[in-house]
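Chemist: Below: one structure in structure tokens.
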Amino acid sequence: MLSSFLLYMEKYMYKIVAWPTMYTKYNLNFATTLMWSVVLSLKLVCTVEPFHRTQAQMLRTNTLVNTLKCRQWEDEAVSNELDTFVRLLMLRRPSYAPLSMLMLERALVVKIYGCLVTYLVIMLTYGPEVQQ
């Protein structure tokens, strides 16, 4: 799914950037292309954001439990349960990696956009030379 987003976004972004050289007049096709690129960008962000939120909440929970653990508890059972919970939090960090290929986090979105921009620069730099 992410690879199809990448391919479609590349196609639409290339059309937007290369529009002045490809077409002489403005028409509805440009607006459609622009809207599709925005929709695909939002889909990518909406796909990755819940996984990032889960990781952020897990780190927040870890911080809160460590703060509670540092307090002096008169009840030994509460202290032991907090200690066990902290250890479980440290050992079971949530990470979402479909097929163990990549981690679904915000850094992935930045990498994808960086890849798109690099590919566009290469296409715009060497594209006209290859067509001639």
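Only the coordinates and a few stated rules stand behind these numbers; no lab work does. Just so we're clear, the structure is a prediction, and the values are computed from it rather than from any experiment. A quick note on method: Cβ atoms are made from the backbone with ideal geometry, for glycine too, and the neighbour counts reach across all protein chains shown.
Chemist: Contour minus end-to-end for S95 and K43, with contour as 0.36 nm per residue of separation and end-to-end as the Cα-Cα distance?
Modeler: Here the segment from S95 to K43 would lengthen by 16.7 nm.
Chemist: At T84 and V121, where each label point lies 7 Å from the Cα along Cα→Cβ, what is the point-to-point distance in nanometres?
Modeler: Roughly 5.4 nm, to one decimal.
Chemist: Shifting gears a bit: Going highest first, how would you order 99-112, 63-76 by mean Cβ packing within 10 Å?
Modeler: 99-112, 63-76
Chemist: Report the dimensions of the stretch 54-97 along its three principal axes from the alpha-carbon atoms, largest first, rounded to Å.
Modeler: 41, 14, 10
Chemist: Same structure again: Would you mind ranking V48, V117 by Cβ crowding within 10 Å, fewest neighbours first?
Modeler: Taking fewest neighbouring Cβ atoms as first place, the list is V117, V48.
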